[in-house]
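Student: Submitted below is the structure of interest, expressed as structure tokens.
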Amino acid sequence: MPFIPHTETDISQMLASIGAKNIDALFDEIPAALRSGKLTAIGDGLNEMQVTRLMHERAAQDSQPLNFIGAGAYEHHIPAAVLEIATRGEYYTAYTPYQAEASQGTLQTLYEYQTMIASLTGMDVSNASLYDGASALAEAILMAVRAHKTSRRVLLPASVSPLYRSVARSIVKLQDIELVEIPFDIATGTTDLDALQQHAGSDIAALVIPQPNFFGALEDVDALTAWAYAQGALAIGLVNPLTLALLKAPGQWAEKGADIAVGDGQPLGAPLSSGGPYFGFMCCKQALVRQMPGRIICRTVDLDGKPGFTLTLQAREQHIRRAKATSNICSNQGLMVTAATIHMALLGSDGLRRAAAASHANTQALAVQASGVPGVKRLFGAPHFHEVVLHLPGSSARVLESMAGQGISGGYDLQPHYPQLGNAILVCATETKTVEDIQRYVAALRHALH
Amino acid sequence: MLIFERSHPGRRNAAQAPHHSVVIGGPSTGLRTGIPAVLLREDRPLLPEASEMDVVRHYTRLSQKNFSIDTHFYPLGSCTMKYNPRACNTLAMLPNFLARHPLAPEASGQGVLACLYDLQEILKDVSGMAGVSLMPMAGAQGEFAGIAMIRAYHDARNDMARTEIIVPDAAHGTNPATAVMCGYTVKEIPTDANGDVDLDALRAATGPQTAGLMLTNPSTLGVFEKRIADIQKIIHDAGGLLYYDGANLNAILGKVKPGDMGFDVIHMNLHKTFSTPHGGGGPGAGAVGVAQRLLPFLPLPVVAKEPPPQPSPASEGGSHYRYLTEADLPQSIGRLSAFSGNIGILLRAYVYARMLGAEGMHRVAEFATLNANYLMAELHKAGFTVAFPQRRASHEFIVSMKPLKDATGISAMDVAKRLLDKGYHPPTTYFPMLVPECLLIEPTETESKETLDGFVAALKEIRDEAHAAPELVKGAPHTMPVRRLDDVKAARELDLAWKPAV
């Protein structure tokens with residue numbers, strides 16, 4: 001019986017104490033008709049040796065192509081210490097820190113995280129995480145609508161990831177919030193300011209500002225933020241935290257900064273893992289803190305005046321407010337935040353800047369060299385961060401398939417989401433790529449187009 | 001001491017930074033980028049400048065300030081804090097699993113997709129449902145998916161008058177919060193003296209405006225709702241659907257299938273019943289299962305098993321796995337995460353399920369129930385006030401400290417804090433709110449009789465202390481890194497981020 005310590009003696013002593021003749025009697029309040037419970041799709045249990053073999057076989061079926069896909073999940077070096085420490089049992093098997101005195105490790109770690117991510121985003125305050133970047137965007141939209149009070153319209157540029165837009169729609173549509181798509185300028189790949197201007201003067205709760213946007217292009221964040229102020233709308237910055245080692249932070253946009261900053265924390269120490277677990281982050285201005293969903297950690301003192309950490313503002317949350325809570329969220333992504341905190345502490349701002357700059361430079365090098373392949377050209381003239389869009393002279397699906405056959409994940413096919421771009425792919429080369437890797441990419445692309 | 005206070009200007013970890021001379025193209029180019037200055041930040045973010053060893057030591061020492069399942073008995077009611085097998089962690093972190101990009105071609109992920117497909121099948125079986133989506137990233141997101149599917153079902157039938165979700169007063173706070181997020185109003189119904197749903201109140205609350213009922217069974221009071229067949233009939237006759245909150249699934253795993261009780265939709269907290277780690281507050285996983293009529297609305301993606309498009313070495317046993325998309329399920333409630341949910345957690349749940357097998361799953365409910373009833377019996381004999389002594393405990397039960405408080409002034413919270421000094425994580429306190437001064441106790445199946453006996457002895461000691469030395473208990477804990485914290489000051493001053501001294 002895996003993971004059950006009871007001996008026969010234990011069982012009979014325990015049943016005697018209860019006054020039950022056997023274990024089955026403990027279920028006598030359950031109507032007999034319901035107690036079929038026969039499991040048919042589950043085989044015999046495996047011991048650890050057998051399950052180890054099974055999982056190694058499964059893992060071996062997954063190939064490891066040389067990866068040039070980003071599109072919301074980025075391959076970065078993760079120091080060995082990050083996952084070694086985050087998976088210590090004391091972090092890994094602890095519950096949400098409701099008992100503060102017995103959870104100071106998790107609580108202080110989360111407080112340090114809040115400090116780091118608030119500083120990266122240039123915002124006043126942070127919560128202790130949400131599920132992922134896409135659901136964090138949805139929560140930011142809900143929060144902006146709560147804070148704005150009169151409008152339920154939110155402007156969502158088409159240069160935001162289509163996957164994020166899809167998630168935001170799934171989550172906010174049930175509360176009758178209108179998401180209005182703002183097209184991008186086909187020349188720059190950034191939000192079309194003329195199209196945006198057509199919404200001037202209407203009642204708008206918020207404008208979402210992606211930086212870098214889904215195409216890797218850099219938006220004119222100051223102008224967009226100022227435009228939101230002029231409409232009385234909240235500015236929601238959707239950002240990649242690694243790029244904020246170099247880029248102007250949402251809190252520094254225009255005169256007063258963005259009101260809310262969200263994004264996915266994956267670039268800060270979370271392995272790609274086919275898509276999760278990652279974590280969503282959310283920061284905001286001090287004035288909005290009571291509208292923010294999720295758990296928030298606070299530094300205070302104990303009975304002896306000694307500093308300590310605790311959960312605070314719980315009156316916003318579902319276990320107290322029930323139907324009036326800011327969100328139904330309770331568990332978030334604590335362990336991934338622990339990993340991110342250790343990751344940021346190990347790299348420091350210098351290490352993050354180097355990783356970000358190297359990712360930028362590698363993508364730049366890739367774009368230049370790939371554009372040397374006949375018929376391949378870069379779309380969009382705006383400056384980019386660590387992703388670029390390449391236009392191909394043949395079917396993007398077929399080119400990517402050919403590159404996959406050569407052991408390379410050549411990029412993300414934009415065709416299904418942006419048919420107006422034709423045979424376009426989104427490509428990313430992080431700091432993990434070497435000069436040789438980039439040469440291999442270009443050779444494979446050349447071969448695929450041959 | 002905070003990590004920021006261990007920081008020294010100029011200290012950096014060369015081993016963790018890329019050699020920028022290699023990637024930027026020349027030793028002197030430094031960090032210059034091709035980005036216009038107006039888009040760059042001028043300041044540096046406030047991150048520590050500490051050596052690798054400083055960082056490792058700091059977070060290792062911090063971890064040691066935590067209680068955890070690996071270090072302490074953790075009978076936290078409704079949270080199912082059972083042993084998290086180490087094999088699950090090791091095997092979910094195999095390099096090929098960690099390295100795979102979520103948007104890489106499905107052909108490069110047949111191993112992970114096979115695990116996810118198998119897990120869907122296992123969860124279908126234990127829940128008695130027709131289909132499962134693994135997408136939701138926590139129990140609360142699973143609830144959202146479930147209620148959103150109920151709404152999509154009614155909307156698809158153009159049945160627009162259904163505006164209410166019924167929730168018992170003993171429910172988790174997430175239930176009403178979820179109903180509101182899905183655009184419903186909440187109608188709360190009371191619990192009767194036996195801890196069951198008040199059927200008269202339920203009948204009175206149900207009508208053509210009822211979209212559905214959210215129910216936890218066994219309930220948060222730790223008893224099985226015996227009249228589930230009646231409840232099911234009341235709701236279904238009115239045209240509503242039944243939602244099963246799977247928070248307490250551990251109590252009936254392999255014994256009763258929620259589908260057999262008539263539920264239409266269920267979420268399962270894999271971080272409870274399937275033993276994935278709680279991680280200090282996530283990541284969890286809240287897979288949803290649905291009955292036949294809700295299949296078209298499942299959240300995306302769902303993993304499908306098909307004959308291979310063309311035979312290839314990657315397709316195991318002649319099968320090919322792929323994600324179903326909007327094209328396959330056009331009525332889906334949509335996506336809830338950018339990619340495919342918390343896959344690493346799903347792999348852990350899969351390993352756990354395979355290790356248990358069918359027989360092991362039956363044992364989970366049996367021994368979780370044995371432990372709970374034994375602990376309840378021992379505490380009852382020791383003179384503690386059990387909330388529902390006439391009932392069987394499910395996998396958890398409630399003890400009220402009200403008599404102790406009346407006699408000594410020592411509250412459930414005081415008892416909880418004193419338990420920390422005795423080396424036990426306290427049970428859930430003050431939930432459910434229906435029982436005054438309550439402790440909700442869930443021992444789980446992985447604890448031994450000796451541990452349970454030790455816990456009973458600790459509670460008896462605390463009761464003695466409450467009479468003999470109440471200040472000792474009121475001032476607890478005494479042995480933790482900090483004593484009780486000033487929550488009022490915390491909420492008033494809101495120190496949410498460290499700032500350097502000016």
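The values are calculated or read from the model by the stated rules, or taken from the named source; none is laboratory data. Since the model is a prediction, treat every value here as computed from it, not as a measurement. Heads up, the Cβs are rebuilt from the backbone with ideal geometry, glycines too, and the neighbour counts pull from every protein chain shown.
Student: What number of residues within region A:308-333 are of a type in the set (K, R) and under 21 Å from B:D495 (Cα atoms)?
Tutor: 1
Student: Here is a list of conditions, (1) farther than 30 Å from B:M149 by Cα; (2) in contact (Cβ under 8 Å) with a residue 24 or more places away in the chain; (3) surrounded by fewer than 16 Cβ atoms within 10 Å (Cβ to Cβ), and A:Q175 meets all of them except one; can you say which number that is?
Tutor: (1)
Student: Could I ask something else about it? Restricting attention to strands (runs of 3 or more DSSP E) lying wholly within region A:227-311, give those where 1 or more residues are acidic (D, E). So that I can check it myself, show each step before the final result.
Tutor: Numbers: elements: A:234-239, A:260-264, A:280-284, A:296-301.
In region A:227-311, the matching strands (runs of 3 or more DSSP E) lie at A:260-264.
Student: Just give me the residues in region B:208-221 being modelled with pLDDT of 95 or more and in contact with a Lys or Arg (Cβ under 9 Å, 6 or more places away or on another chain), in sequence order.
Tutor: B:P208, B:Q209, B:T210, B:A211, B:G212
Student: In addition: Look at region B:429-453 and say how many of its residues are in a helix (DSSP H, G or I) and surrounded by 16 or more Cβ atoms within 10 Å (Cβ to Cβ).
Tutor: 3
Student: Right, something else. So which helices (runs of 4 or more DSSP H) stay within region A:314-423 end to end and still have 2 or more residues that are under 26 Å from the mean Cα position of the chain (by Cα) and among the hydroxyl-bearing types (S, T, Y)?
Tutor: It comes to A:334-370.
Student: Could you please find all residues in region B:70-104 being closer than 30 Å to A:H417 by Cβ and either more than 7 Å from chain A (Cβ to nearest Cβ) or in contact with a helix residue (DSSP H, G or I) (Cβ under 7 Å, 6 or more places away or on another chain) (or both)?
Tutor: Scanning region B:70-104 gives B:N96, B:F97, B:L98, B:R100, B:P102.
Student: Residue under question is A:Q197, and the condition is that it be surrounded by fewer than 24 Cβ atoms within 10 Å (Cβ to Cβ) and among the polar types (S, T, N, Q); does it hold?
Tutor: On the way: surrounded by fewer than 24 Cβ atoms within 10 Å (Cβ to Cβ): yes; among the polar types (S, T, N, Q): yes.
Yes.
Student: Report yes if A:P267 is out of contact with any Pro (no Cβ under 7 Å at 6 or more places or on another chain), on the phi < 0 side of the Ramachandran plot and at pLDDT 95 or above, otherwise no.
Tutor: no
Student: Which residue out of A:L107, A:L83 is under 28 Å from B:L419 (Cβ atoms) and among the aliphatic types (A, V, I, L, M)?
Tutor: None of the others qualify; the one that does is A:L107.
Student: Let me ask you something else. How do the pairs read when you match residues in region B:29-53 that are modelled with pLDDT of 95 or more with residues anywhere that are part of a loop (DSSP other than H, G, I, E, B) and hydroxyl-bearing (S, T, Y), using Cβ under 6 Å and keeping only pairs 6 or more apart or on different chains?
Tutor: B:P48/B:S7; B:E49/B:S7; B:A50/B:S7
Student: Considering only residues that are part of a loop (DSSP other than H, G, I, E, B) and either surrounded by fewer than 22 Cβ atoms within 10 Å (Cβ to Cβ) or basic (K, R) (or both), which ones fall in region B:46-77?
Tutor: Result: B:L46, B:E49, B:S51, B:Q64, B:K65, B:D70, B:T71, B:H72.
Student: If I filter region B:147-167 for residues that are facing chain A (nearest Cβ under 7 Å), within 24 Å of the chain's Cα centre (by Cα) and under 24 Å from A:N332 (Cα atoms), do I get at least one hit?
Tutor: yes
Student: On to the next question. What's the total number of residues in region A:75-125 that are assigned to a helix (DSSP H, G or I) and more than 7 Å from chain B (Cβ to nearest Cβ)?
Tutor: 11
Student: Counting just the residues of region A:211-226 that are within 11 Å of chain B (Cβ to nearest Cβ) and assigned to a helix (DSSP H, G or I), which one comes out farthest from A:A73 (Cα to Cα)?
Tutor: Out of the qualifying residues, it is A:A223.
Student: Which of the residues that make up region A:118-136 are buried (at least 24 other Cβ atoms within 10 Å of the Cβ) and out of contact with any Cys (no Cβ under 6 Å at 6 or more places or on another chain)?
Tutor: From region A:118-136, those buried (at least 24 other Cβ atoms within 10 Å of the Cβ) are A:118-121, A:123, A:126-136; that's our starting set.
Selection gives A:S119, A:L120, A:N127, A:A128, A:S129, A:L130, A:Y131, A:D132, A:G133, A:A134, A:S135, A:A136.
Student: To continue, here is another question. If the Cβ limit is 8 Å and pairs must be 6+ apart or interchain, which residue in region B:140-155 that is at pLDDT 95 or above pairs with which residue that is in a helix (DSSP H, G or I) and among the small types (G, A, S)?
Tutor: Pairs found: B:A140/B:A177; B:Q141/A:S135; B:G142/B:G246; B:I147/B:A179; B:A148/A:S170.
Student: Taking region B:300-347 on its own, how many of its residues are within 9 Å of chain A (Cβ to nearest Cβ), modelled with pLDDT of 95 or more and over 24 Å from B:C88 (Cβ atoms)?
Tutor: Going through region B:300-347 one residue at a time, the tally reaches 6.
Student: So the check is Cβ under 8 Å with 6+ separation or different chains; which pairs have a first residue in region B:417-428 that's at the interface with chain A (Cβ under 10 Å from one of its Cβ atoms) and assigned to a helix (DSSP H, G or I) and a second one that's acidic (D, E) and surrounded by 24 or more Cβ atoms within 10 Å (Cβ to Cβ)?
Tutor: Taking only residues 6 or more apart or on different chains, the pairs are B:K417/A:E101; B:L420/A:E101.
Student: Could you check region A:33-74 and list, in sequence order, the residues that are buried (at least 23 other Cβ atoms within 10 Å of the Cβ), in a loop (DSSP other than H, G, I, E, B) and at the interface with chain B (Cβ under 7 Å from one of its Cβ atoms)?
Tutor: A:D62, A:I69, A:A71, A:G72, A:A73
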